[in-house]
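Undergrad: Below are the structure tokens for one structure; questions will follow.
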Amino acid sequence: GLMMGAGASANKLWQVAMPRCLGKQRYKALCGGVMYPWLCSGMTCAWFALGLACFWLELPQFTFLAQSLGVLGIIFAFCVLTLASAIILGLTRYASGRLAPLASRMAARARGVVVHNMMLGTRVVIIGLVLSFFHKAPEFVYRAF
């Protein structure tokens, strides 16, 4: 919880400080670019993963990892995770933006509310089935309590 609160506080401070440093127009142009939102999404994902490490690792494992990597190693791992997440999330966002018009055209062809709702329900069931093949029930959360 402290990690998530610290991340939210740092994010708000960044959002307040950047328009003052760059000016509102330049900050708006930066936010409207391609790379900045990708990096922000990647950093959010990396910070969240770092915050969840307390659930995945026991305290002796966490302290051993922190001592082994050191401050620079943790920063480097965070940067690598940020870049990997930014690329994956950015490409996913790009692909979904390209596929969304196709999906809406297919839904528009399906006439009637019943057919449309059946298509949406089928998508939900397919997503649930696919996720159940690749996702195992989380046992690590219960071990921590």
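Undergrad: Looking only at region 59-104, how many residues end up being surrounded by fewer than 10 Cβ atoms within 10 Å (Cβ to Cβ) and under 22 Å from the mean Cα position of the chain (by Cα)?
TA: Of the residues in that region, 2 qualify.
Undergrad: How about region 50-71: which of its residues are over 20 Å from A6 (Cβ atoms) and either among the aromatic types (F, W, Y) or part of a helix (DSSP H, G or I) (or both)?
TA: Scanning region 50-71 gives P60, Q61, F64, Q67, S68, G70.
Undergrad: Of a type outside the set (S, T, Y) and modelled with pLDDT of 90 or more: which single residue out of F76, F48 fits that description?
TA: F76
Undergrad: Let me ask you something else. Report, by residue number, each residue of region 38-70 that is touching a helix residue (DSSP H, G or I) at 6+ places or on another chain (Cβ under 7 Å), under 21 Å from K12 (Cα atoms) and not aliphatic (A, V, I, L, M).
TA: W38, S41, G42, C45, W47, G51
The values are calculated or read from the model by the stated rules, or taken from the named source; none is laboratory data. Since this is a predicted model, take the numbers as computed values, not measurements. Heads up, the Cβs are rebuilt from the backbone with ideal geometry, glycines too, and the neighbour counts pull from every protein chain shown.
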